[in-house]
Amino acid sequence: MRILHTESSCGWGGQELRILEESRGMIARGHEVALVCPAKARILAQAPRFDVPGHALPIGRKRLRGIIALRRWLAAHPVDVINTHSSTDSWLAALACATRAKAPPIVRTRHISAPVTPAFGSRWLYGRAVAHLVTTGEVLRQTLVRELGLDASRVTSVPTGIDPSRFSPGNKTEARHLVGLGAGGRYVGVLATLRSWKGHLFLLEAFAQLGLPDWTLVIVGDGPMGEPIRAKIAELGLGERVALVGQQEDPQDWLRAFDIFCLPSYANEGVPQALTQAMLSGLPIVTTPVGAILEAVADGETALLVSPRDAGALAAAIRRLACDPALAARLGAAARERALARFSRAAMLDRMESIFRAVIAAER
């Protein structure tokens, strides 16, 4: 198949990583894959690292020039299916295809749980312009079917798959040496783009309440909340106990270095990749029942769950794992087994491949 991915976002996070990992997997299976995105998009700069061909087009805003650019690109580079990912590129691709004869079908992947306004335009985009809709969690799927009145057979949940050979338990001393952490320390870690809804500010408040002075909080990632997070660290007097290490290209080493993983999100989640990566790494986890997170973990079985935006509950859960190594080990082992069964990279590629083939066959 000839597959085109479109992405209008210039940010960097799980959505962009999913696009590149999925593209790399499809290329390895013999498909032709290309990516178009704005020239300033970080995904374009990262695409060569994944061996994915990337092309710059003016699709960062809902403007006529973006529609024209997509029409011209499709005329010069025929494809069998288009996979769109954000609102702007989905609209531009839909309008470009609606104004072309024999246009390829569109699969729209919706990565987050933010609500969609059930207006006429959204119903047209999701109900008619798009051949199939993919969500990254079953809760997201059910919500879209219900709120937009969609045919349930045209909406499929395909959580992001993770490579278990890359994310696995390992020697903590070696991992800490690789990432530059002290071998004898104890570490709570979060791996997420620095966005407000990821809950970093609540995690900092919880860490300040923890009462465990020998523990360090490690924050991996960057993003628009960088400055507010630094200000919060200073306000709470945590400068010596929090390591803000920025974006890292080898998250598997950081996860192996942690003792506890925490993801205190309060909105917009599907099944977060960082969560399933931590599960495959065998880490005990503290998180929240937001979006499709409950499709990945169960409270007391594979993680400890706390209410969103509750720093006190977050501190209590982290403290419980820090003071009960047997519980931490049990939850980490169970989390890995669950992730191996439900979130493999091969299963994701199989399901996306099947969806692409189905919409191509229906179009023909």
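Computed as a quarter of the hull surface, the mean projected area of the alpha carbon convex hull for the stretch 138-239 stands at 9.9 nm². Distance distribution P(r), the chain, all Cα-Cα pairs, bin width 20 angstrom from 0: 29, 55, 16, 0 percent. Ignoring aspartates and glutamates fewer than eight residues from Lys172 along the same chain, the ones with Cα atoms less than 15 angstrom from its Cα are Asp250, Asp253, Asp259. Cross-link partners for Lys40 among the aspartates and glutamates, with Cα-Cα distance under 19 Å and sequence neighbours closer than 8 places in the same chain left out: Glu7, Glu16, Asp51, Asp89, Asp222. For the chain, relative contact order (Cα pairs under 8 Å, six or more residues apart, normalised by length) works out to 16 percent. The value obtained for the stretch 172-342, namely the Cα convex hull volume divided by the number of residues, is 100 Å³ per residue. Counting only residues at least eight positions apart within a chain, or on another chain, the aspartates and glutamates with an alpha carbon under 19 Å from that of Lys102 are Asp80, Glu363. Modelled spin-label separation between Ala347 and Glu240, with each label point placed 7 Å from Cα along the Cα-to-Cβ direction: 4.6 nm.
Diagonalising the gyration tensor over the Cα atoms of the stretch 1-150 and scaling each eigenvalue by 5 before taking the square root yields semi-axes of 23, 18, 15 Å, largest first. Averaging Cα coordinates gives a centre for the stretch 125-144 and one for the stretch 30-68; these two points are 23 Å apart.
Adding -39500 (n - 2.57) for every DSSP H run of four residues or longer, then dividing by how many residues the chain holds, sets the calculated 222 nm ellipticity at -13000 deg cm²/dmol. With the highest mean first, a sort of the peptides 220-229, 286-295 on other beta-carbon atoms found within 10 angstrom per residue produces 286-295, 220-229. Of the residues Pro164, Pro48, Pro264, the one that moves most in a GNM of the chain with alpha-carbon contacts below 10 Å is Pro48.
What is the packing order of peptides 131-143, 350-362, taking the mean over residues of other C-beta atoms within 10 Å and listing the highest first? Intermediate results must be reported in sequence, preceding the final value.
Numbers: 131-143: 21.8, 350-362: 16.3.
Ranking, from highest mean packing down: 131-143, 350-362.
The spacing between the stretch 183-251 and the stretch 252-313, judged by their C-alpha centroids, is 15 Å.
Values quoted throughout were computed directly from the atomic coordinates according to the rules given, and no laboratory measurement underlies them. Please read all numbers here as calculations on a predicted model, not as lab measurements. So basically every Cβ, Gly included, is an ideal-geometry build from the backbone, and we count neighbours across all protein chains shown.
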